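Below is one structure; the comments refer to it alone.
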Amino acid sequence: MSTASAASTPTRAPRAAAGPLSKWTGRLWRTNEFWVFVVIIVLALVIQVRSGQFFTANNLVDIAGAMVVPGIFAVGAHLVIVSGGIDVSFPALASLAVYATTRVLVDSGFAGPVIVPFAIAMCLGALLGAFNGVFTARLTVPTLIITLGTANVFSGVMQGALNSVQIPNIPQSMAAFGAAELFEATNTTSGLRSVLPMSFLLLVAVVAGAWFLTRRTMFGRGIFAIGGDEAAAERAGFKVKRIRFWLYVLVGVIAAIAGMVRTCAMGQMHPTNLLGMEMMVIAAVVLGGTAITGGTGSLTGVMLGTALIVIVQNSMILTGIPTFWQGFALGLLIIVGTGVSAVQVARSRGRRITAA
């Protein structure tokens, strides 16, 4: 017996050591983030072979810069979708908040620091977000219907009450912030020069703030709990209506930041420039693994999904594909992303039923 026991000992040690690694690779294999990352790498290699330009320094800087506005929007959309809702009003909300801010400052001859326009736009964004929050917290109507309505209300106020027109000369501090650079990169072959805007730091700050909110606060845990099972979240003690109201206020602030960044970067205020971005942003969030039914998702996946959307748009320019195919590619990605999300939700429910 002692001989048999001694002989079995060496075979148990390697199994124990391989266990955690096997579990980790198994979990990695099942995550959306891993597969989105694989798709990005494969797509990058294909574009590199076809154009020879993907891995150039200026192209990578262009991609990072192009992620700023959709990335900030995507953080807000992620928080809403995780809570079990969906918001399609954030581009109209951002347009109205930023247009009203810019209009007032230009008419008053404002010449102060850029923090003032950002603060005013964020306050207006919070106010408009509260408008969404009141309806979503009090009514049992799907948030898609509510935000479709408020999007039209915001656009109507901007075009009707404010008589919106293009503002070509924004305050100097806003234009200076839009032109500020973190660093620049030059393509040694073509001589093309690309810059990473200072506003990239705002994207980092918004992502870091959202990470802290969702991982370190009860409010953030409440957002996930409501998206997973609203009734269970209420029984667990979460103030569902209050969390939902303040969530939409927060999303309004985030949307206003994104709108202000776009206006500063353009050096002018165009009232319809942001409209229509909602599908691209929601596609990025869903592709990154945020379940369309709520309850699950990660900011890592959101940034990877945003990068994938930006790369697809960028690759069509590099490879000479007509830009009207962007709509086709975006629609295809939405179908794939929502399809994968639906399959994962169905499997998860199946596992719970089997376990019960």
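The values are calculated or read from the model by the stated rules, or taken from the named source; none is laboratory data. Treat the numbers as computed from the prediction; the structure is a model and nothing was measured. Methodologically, a virtual Cβ is constructed for each residue, glycine included, from the backbone with ideal geometry; neighbour enumeration extends over all protein chains shown. Quick note on the areas: whole protein, heavy atoms, side chains included, nothing else; ligands and nucleic acids left out. Shrake-Rupley method; radii C 1.70, N 1.55, O 1.52, S 1.80 Å.
What the table shows:
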quantity: Residues of the range 255-272 that turn out to be not in a helix (DSSP H, G or I) and not small (Gly, Ala, Ser), as a count; calculated: 5
quantity: Filter pass, VAL104 being closer than 24 Å to ALA180 by Cβ and open to solvent by 10 Å² or more (accessible area, probe 1.4 Å); calculated: yes
quantity: Hits in the range 222-236 - residues which are in contact with a helix residue (DSSP H, G or I) (Cβ under 8 Å, 6 or more places away or on another chain) and part of a helix (DSSP H, G or I); calculated: GLY222, ILE223, PHE224, ALA225, ILE226, GLY227, GLU230, ALA232, ALA233, GLU234
quantity: Set PHE135, PHE90: member being open to solvent by less than 50 Å² (accessible area, probe 1.4 Å) and either closer than 25 Å to ILE243 by Cα or modelled with pLDDT under 90 (or both); calculated: PHE90
quantity: Helices (runs of 4 or more DSSP H) contained entirely in the range 22-92, each with at least 1 residues that are in contact with a strand residue (DSSP E or B) (Cβ under 6 Å, 6 or more places away or on another chain); calculated: 57-66
quantity: Which listed residue is in a helix (DSSP H, G or I), touching a residue at least 60 places away in the same chain (Cβ under 8 Å), open to solvent by less than 80 Å² (accessible area, probe 1.4 Å) and touching a Cys at 6+ places or on another chain (Cβ under 6 Å), from PHE118, PHE177; calculated: PHE177
quantity: Filter result for the condition that a residue is closer than 29 Å to GLU184 by Cα, crowded, with 24+ Cβ neighbours inside 10 Å, touching a residue at least 40 places away in the same chain (Cβ under 8 Å) and of a type outside the set (Val, Ile, Thr), over GLY65, GLY71, GLY129; calculated: GLY71
quantity: Any hit, the range 238-254, residues being without any contact (Cβ under 8 Å) to a residue 40 or more places away in the chain, surrounded by fewer than 17 Cβ atoms within 10 Å (Cβ to Cβ) and assigned to a loop (DSSP other than H, G, I, E, B); calculated: yes
quantity: Counted residues, the range 194-212 - those being free of Cβ contacts under 8 Å to residues at least 60 places away in the same chain and open to solvent by 80 Å² or more (accessible area, probe 1.4 Å); calculated: 2
quantity: Positions within the range 154-174 being open to solvent by 30 Å² or more (accessible area, probe 1.4 Å), in contact (Cβ under 8 Å) with a residue 12 or more places away in the chain and assigned to a helix (DSSP H, G or I), in sequence order; calculated: VAL157, GLN159, GLN172
quantity: The range 14-73, residues that are among the small types (Gly, Ala, Ser) and closer than 29 Å to PRO91 by Cβ; calculated: ALA44, ALA64, GLY65, ALA66, GLY71
quantity: Where a residue in the range 257-281 is open to solvent by 10 Å² or more (accessible area, probe 1.4 Å) and its partner, wherever it lies, is basic (Lys, Arg) and not in a helix (DSSP H, G or I), with Cβ under 9 Å and at least six apart; calculated: none
quantity: Single match in VAL204, VAL195 (criterion: over 16 Å from ASP62 (Cα atoms), modelled with pLDDT of 85 or more and aliphatic (A, V, I, L, M)); calculated: VAL204
quantity: Residue in the range 207-221 that is outside any loop (DSSP other than H, G, I, E, B) and of a type in the set (Ser, Thr, Tyr) present; calculated: yes
quantity: PHE224 being closer than 24 Å to VAL36 by Cα and surrounded by 15 or more Cβ atoms within 10 Å (Cβ to Cβ); calculated: yes
quantity: Residue check, GLY191 outside any helix (DSSP H, G or I), farther than 16 Å from GLY84 by Cβ, open to solvent by 20 Å² or more (accessible area, probe 1.4 Å) and not aliphatic (A, V, I, L, M); calculated: yes
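Per-residue answers, yes or no, for (1) over 22 Å from the mean Cα position of the chain (by Cα); (2) under 17 Å from ALA92 (Cβ atoms):
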residue	(1), (2)
PHE118	no, no
ALA130	no, yes
THR147	no, yes
ASN169	yes, no
